[in-house]
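Visitor: Once you've had a glance at the structure underneath, I'll fire off some questions.
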Amino acid sequence: MANSLWRISLLLSSFLCCLPTSLIAIELTNADGSFVALKIPATSVVTLSPNLTELVFAAGGSDKLIAVVEWSDFPEAAKEIPRIGNAFRLDMEQLLKLKPDLVIAWDSGNPAEVLEKIESLGIPVWRTGISTPAQIADLLIQIGHALATEKTADLAANNFRQQLQAIQEQYQENPAFSYFIQLYSKPLYTVNGDHLITQALSLCRGNNIFAKLDVLAPAVSPESVIAASPDVIFYTQSENSESMQNNNIEHWKPWVGSGAEPRFIPLNPDWISRPGPRILKGVRQACQALAAK
């Protein structure tokens, strides 16, 4: 009996190995741990956030992108891809005409009702999420699997992991410091300890003064920042003068000269706040500025 079962198992394994790829489902992990399945690798893709556009390019799938959302401006070639709206409002009629094999969404950035509407049109939606720098490499590999660009995606993921390890080793002996990161000035928005930015800045040995707040991206008061007396205030400042993430720090001037003033360090928002490979450039920018004091 055992011998017969072994023979059946061997035959079944041989059969599965020889199945055409069209009959083998590709499972992609959603941010909540559930799965979305594709019968074959996607050949027409829409991304619903700029960082996802960057990730698809990095994973070697740029030729499969048929539409993206506003602010998808990196790499340069991404600017030439048709827009289908923004992260919050999409042209559903146009999306239905395009009928992509896969829509890659940002679970914490795209409204749930928008994603549910897309799914109701019969279009698969992959709800991605990243909470640690290491997961960027994992997502690159999954994108490569979804788009059949594994070779390029694996190289990009390995390169990212090597750079991440190098940063960890370079700054692990640095003195710890407390910080506040200002993403917007009015209202004053920051991030809590679960946010990717906090996880990234911990590579410089930084401790977020609002790490224990429950909301991922909370609004806080200037008084609460002053009361916490951080060693550093990071703020986003883009090379693009029209960027919405160019922060005003004039409201901190009354504090400067009080004897407890922090260091003010600008960070490129396209690096530090977009969950993609360039976040390591944002981390280096922060770490190097701290080391230069």
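Visitor: Can you tell me the orientation of helix 134-147 relative to the chain, as the angle in degrees between its alpha-carbon axis and the longest Cα principal axis, to the nearest 10?
Guide: 30 degrees
Visitor: Multiplying the sequence separation of D32 and Y189 by 0.36 nm and subtracting their Cα-Cα distance, what value in nm do you get? Before the final figure, lay out each step's value.
Guide: Details: separation 157, 0.36 × 157 = 56.52 nm, distance 2.51 nm.
That pair, D32 and Y189, stretches by 54.0 nm at full extension.
Visitor: Here's a follow-up. Can you classify region 84-182 as rounded, prolate or oblate using the Cα gyration tensor, where a ≥ b ≥ c are the square roots of its eigenvalues, rounded means a/c under 1.5, and otherwise it's prolate if a/b beats b/c and oblate if not? Please report the intermediate quantities before stating the final value.
Guide: Details: a/c = 3.82, a/b = 1.72, b/c = 2.21.
Cα axes put region 84-182 in the oblate bin.
Visitor: Can you tell me the 0 to 90 degree angle between the C-alpha axis of helix 2-17 and the longest principal axis of the chain, rounded to 10?
Guide: Helix 2-17 and the main axis of the chain meet at about 70 degrees.
Visitor: Between L48, L95, L203, which gets the highest mean-square fluctuation from a Gaussian network model of the chain, Cα cutoff 10 Å?
Guide: For the chain, modelled as a Gaussian network with Cα springs under 10 Å, the answer is L95.
Visitor: Can you run phi through the Karplus equation (6.51, -1.76, 1.60; θ = phi - 60°) for region 30-43 and list ³J(HN,Hα) in whole Hz, with x for Gly and Pro?
Guide: 6, 4, 8, x, 6, 10, 10, 10, 10, 6, 9, x, 6, 10
Visitor: Amide H to amide H under 5 Å from N86: which residues, 5+ apart in sequence or cross-chain, H placed 1.01 Å off N in plane?
Guide: Here the answer is E70, since their amide H atoms fall under 5 Å of that of N86.
Visitor: Over all directions, the average projected area of the alpha-carbon convex hull for region 16-153 comes to how many nm²? Before the final figure, lay out the partial values.
Guide: Numbers: hull surface 33.5 nm².
Over every viewing direction, the Cα hull of region 16-153 projects on average to 8.4 nm².
Visitor: Hey, another quick one. Quick one: among I279, I181, I265, which has the greatest mean-square fluctuation in a GNM of the chain with alpha-carbon springs under 10 angstrom?
Guide: I265
Visitor: In whole Å, largest first, what are the principal axis extents of the Cα atoms in the chain?
Guide: So the three principal-axis extents are 81, 50, 33 Å.
Visitor: Check S44: other-chain or 5+ apart residues with amide H under 5 Å from its amide H, H built from backbone geometry?
Guide: Answer set, sorted by chain and number: D101, L102.
Visitor: Now for a separate question. Could you tell me what percent of the DSSP beta bridges with both partners in region 106-239 are antiparallel, to the nearest 5?
Guide: That works out to approximately 20 percent antiparallel.
Visitor: Mind checking the angle between helix 150-171 and the chain's longest principal axis? C-alpha axes, 0 to 90 degrees, to the nearest 10.
Guide: 30 degrees
Visitor: So, one more: When only Cα pairs under 8 Å and 6 or more residues apart are kept, what is the percent relative contact order across region 27-114? Display every interim value, and only then the final one.
Guide: On the way: 124 pairs, mean separation 27.4, N = 88.
Result for region 27-114 is 31 percent.
Visitor: At a 1.4 Å probe radius, carbon and sulfur cover how many percent of the accessible area of the chain?
Guide: Details: 8250 of 15190 Å².
About 54 percent, which is the carbon plus sulfur part of the accessible surface.
Visitor: Kindly state, as a whole number, the per residue volume in cubic angstrom of the convex hull around the alpha carbon atoms of region 119-166. Please list the in-between numbers first.
Guide: On the way: hull volume 2.6 nm³, N = 48.
Hull volume over Cα atoms, normalised by residue count, gives 54 Å³.
Visitor: Do you know the relative contact order of the chain, to the nearest whole percent, from alpha carbon pairs under 8 angstrom that are 6+ apart?
Guide: Details: 493 pairs, mean separation 41.4, N = 293.
That works out to 14 percent.
Visitor: In addition: Between N192, N248, N268, find the one with the highest GNM mean-square fluctuation for the chain; connect C-alpha pairs within less than 10 Å.
Guide: Per the Cα network of the chain with a 10 Å cutoff, N248 tops the list.
Visitor: Rounded if a/c is under 1.5, else prolate if a/b is larger than b/c, else oblate: which is region 102-261, with a ≥ b ≥ c the root eigenvalues of its Cα gyration tensor? Before the final figure, lay out each step's value.
Guide: Values: a/c = 2.49, a/b = 1.51, b/c = 1.65.
Judged from the Cα gyration tensor, region 102-261 comes out oblate (a/c at least 1.5, b/c at or above a/b).
Visitor: Beyond 21 Å between alpha-carbons counts as too far, so tell me which of K97/K117; K39/K79; K64/K97; K253/K281 fall in that bin. Intermediate results must be reported in sequence, preceding the final value.
Guide: Working: K97/K117 15 Å; K39/K79 30 Å; K64/K97 16 Å; K253/K281 28 Å.
Going by Cα-Cα distance, K39/K79; K253/K281 fall outside the 21 Å limit.
Visitor: Further question: Arranged from highest to lowest average of other beta-carbon atoms within 10 Å per residue, in what order do the peptides 214-223, 55-64 appear?
Guide: Per-residue mean Cβ counts within 10 Å order the peptides as 55-64, 214-223.
Visitor: Using the Cα centre of region 43-97 as the reference point, and only Cβ charges (+1 on K/R, -1 on D/E), how large is the resulting charge dipole? Debye, rounded to the nearest 20. Spell out each step's value before the answer.
Guide: Working: 5 positive and 8 negative charges, 32 e Å.
Value, rounded to 20: 160 debye.
Visitor: I would also like to ask the following. Toward the positive end of the charge dipole of region 45-99, about the Cα centre and with charges on Cβ (Lys, Arg +1; Asp, Glu -1), which of A78, L96, V46 goes farthest?
Guide: Comparing the listed Cα positions along the dipole, L96 ranks first.
Visitor: Here's a follow-up. Dipole of the chain, Cα-centred, from +1 at each Lys and Arg C-beta and -1 at each Asp and Glu C-beta, to the nearest 20 debye?
Guide: Numbers: 22 positive and 29 negative charges, 71 e Å.
Approximately 340 debye in magnitude.
Visitor: What ³J(HN,Hα) values, in whole Hz, does the Karplus curve 6.51 cos²θ - 1.76 cosθ + 1.60 give for region 86-102 when θ = phi - 60°, with x put for Gly and Pro?
Guide: Each residue of region 86-102 in turn: 10, 4, 10, 9, 10, 7, 5, 5, 5, 4, 5, 5, 5, 6, x, 5, 7 Hz.
The values are calculated or read from the model by the stated rules, or taken from the named source; none is laboratory data. Model, not experiment: these values are computed from the prediction. FYI the Cβ positions are ideal-geometry reconstructions off the backbone, even for glycines, and counts take in every protein chain you see. Just so you know, the surface numbers come from the protein's heavy atoms only, side chains and all, with ligands and any DNA or RNA stripped out. Shrake-Rupley method; radii C 1.70, N 1.55, O 1.52, S 1.80 Å.
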